[in-house]
Every structure is written in C-alpha cells, then in structure tokens.
Amino acid sequence: MKRLLPVWGGFLLLFCWILTPVNAAHAAVRADFRADVVSQQGKQSPQPCGTVRASGHYVRLDVQLGRAGEFSFILDEEAKRLSVLSLVLKAYVDIPVSGDARDWRELVKSVSAAVMPQSMGLMSAEEVERAPLSRGSWKGYAANRSRSVFQFTLMGSQRRVTMEVWENEAFAPLPLRVLVDETRETYASSAWLDNITAEQSGDAIFQIPDDFTRYTSVLDMVLYALSLF
C-alpha cells in the first residue's frame, strides 16, 4: 500500500526538496533572493508550503512539517552549521555540517549522522544509488540532472525513495527541481521555488531568537512538537 513519506523522512530530505533559480542564475556566485516553496503531490493542485531566503553565506528555509508545526532551517555555510528551529516550541538544535556545506547531499548526511545515535540506530537515511542523466533546462536555466535512491530505516523497516534532482551550482545547496517517483511506498511528488525576487536579507533573519531554548536532540524536539497536536 502506498504511503506518504513520514515526517522524519521529509525532515531529512528537506534540503533536497526545494528548488529553482533567480534571474542571476548564470552568475558564478549565488544571488541573494527570496522565494516561495511550492510542492505538488500526484495530480493535486500545487500548494505553497514555505519560503526560502538566501543572502551571503546564509540560507533559511521556513516550512510547515505536517503535525509537527512550522520549522525553520538556517544554514550558515561559513560556520558549517545547520540550525533546526521549532517555532511551536521556541526551541532549536545545532547540527555540525561535515564536508561541503553547499552540497545538499552532505546536509542529508550530517542530519542523518545527528539523528542516528539519538535513535539508537533505529532511524537513518543513506544514499545507496546515484546515476547522472542528460543535462536539461528548468525555467530557462541550465541544469545537471541526476537520479538518486535513498534508503530510509525506521525501527527495522526499510523504505527506498527514488528522486530526480536538477541542479545549478549557482544555487547550491538548493537544487533547481526535485521529482520523486511513484512506487508502492511513495506517491509521485515534486517541488520548486516560485515568486522569486532579488532581495538582500539582513543578518538578523538568520539568527536564532534569544528566547529560544537549545535542545541537544533533533529527534526529541520533533517528537515533542508532534505530541502537542
């Protein structure tokens, strides 16, 4: 029976589930911009589900994670740190980023590495296959296409998710486009950025509010947020 990706799966893949360029996409350096995040599942109508801002060495994604409520993901590429904020709990967790902070695959690895010991090995995400595809163009911008297969483990149960990713180096770590294949376990879905505008955000938007409480476990924070609803 087909099932949606659970909250934990979407959480780990969040940074590879957002996409599309701004007008300066052909420049060597990522442009400062703001955009809406739009997703579509199957033949349903596209739905806005969040916003993304990029400025300097910061990237911020604000998104609704189902019953867990609204979350923010703030990436500091210079400090190689990903901060995960629960706006419902007014809490956050800092995750060190290994490898290249502008590579979405490294972000997935870093989040998985942080969650794995907290779940006592019961929860993990791993890219098990990757194959290059022919180059394409998305909304007028050149893109390198690839197909990746991720294997998720939850309490001994394994699930594979196959996705096609469109990337442009100017927008790393944000892919231009992501398409998830329909299987017995997942519905076909896709996501992109919309209403993109050139905008330079001040550093304050990328800082953690003073009244937020620091957690040490991403898993504990997400489960606690889920328990409130």
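Values for this structure:
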| item | result |
| --- | --- |
| Residue ranges of strands (runs of 3 or more DSSP E) in the range 149-229 with at least 3 members in contact with a Lys or Arg (Cβ under 9 Å, 6 or more places away or on another chain) and of a type outside the set (A, V, I, L, M) | 157-167, 189-198 |
| Near pairs, Cβ below 9 angstrom, 6+ apart or cross-chain, from the range 173-197 (touching a residue at least 12 places away in the same chain (Cβ under 8 Å) and among the aromatic types (Phe, Trp, Tyr)) to any residue that is in a loop (DSSP other than H, G, I, E, B) and open to solvent by less than 10 Å² (accessible area, probe 1.4 Å) | Trp192/Ile18; Trp192/Leu19; Trp192/Thr20; Trp192/Leu176 |
| Filter result for Ser134 (farther than 28 Å from Asp210 by Cβ, touching a helix residue (DSSP H, G or I) at 6+ places or on another chain (Cβ under 6 Å) and surrounded by fewer than 19 Cβ atoms within 10 Å (Cβ to Cβ)) | no |
| Pick from the range 155-167, criterion more than 16 Å from Glu106 (Cα to Cα) and within 19 Å of the chain's Cα centre (by Cα), ranking: most open to solvent (accessible area, probe 1.4 Å) | Arg160 |
| Residue list for the range 152-169, filter: under 22 Å from Arg102 (Cα atoms) and not hydroxyl-bearing (Ser, Thr, Tyr) | Met163, Glu164, Val165, Trp166, Glu167, Asn168, Glu169 |
| Considering residues of the range 93-102 that are modelled with pLDDT of 90 or more and open to solvent by less than 50 Å² (accessible area, probe 1.4 Å) only, the residue farthest from Ile208 (Cα to Cα) | Val97 |
| Members of the range 68-92 found to be of a type outside the set (Gly, Ala, Ser), surrounded by fewer than 20 Cβ atoms within 10 Å (Cβ to Cβ), in contact (Cβ under 8 Å) with a residue 60 or more places away in the chain and part of a strand (DSSP E or B), listed by number | Asp76 |
| Criterion violated by Ser134 - all others in (1) modelled with pLDDT of 90 or more; (2) part of a strand (DSSP E or B) satisfied | (2) |
| Qualifying residue in the range 103-111 (condition: aromatic (Phe, Trp, Tyr), closer than 29 Å to Gln47 by Cα and modelled with pLDDT of 95 or more) | no |
| Single residue of the range 50-67 satisfying the filter (surrounded by fewer than 19 Cβ atoms within 10 Å (Cβ to Cβ) and modelled with pLDDT of 90 or more) that is farthest from Leu228 (Cα to Cα) | Gly56 |
| All positions within the range 191-221 that are open to solvent by 20 Å² or more (accessible area, probe 1.4 Å) and under 17 Å from the mean Cα position of the chain (by Cα) | Trp192, Asp194, Leu219 |
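The values are calculated or read from the model by the stated rules, or taken from the named source; none is laboratory data. Given the structure is predicted, the values throughout are model-derived calculations rather than measurements. Backbone-built Cβ (ideal geometry, glycine too); neighbour counts: all protein chains shown. Areas reflect the complete protein model, heavy atoms only, side chains present, ligands, DNA and RNA absent. Shrake-Rupley method; radii C 1.70, N 1.55, O 1.52, S 1.80 Å.
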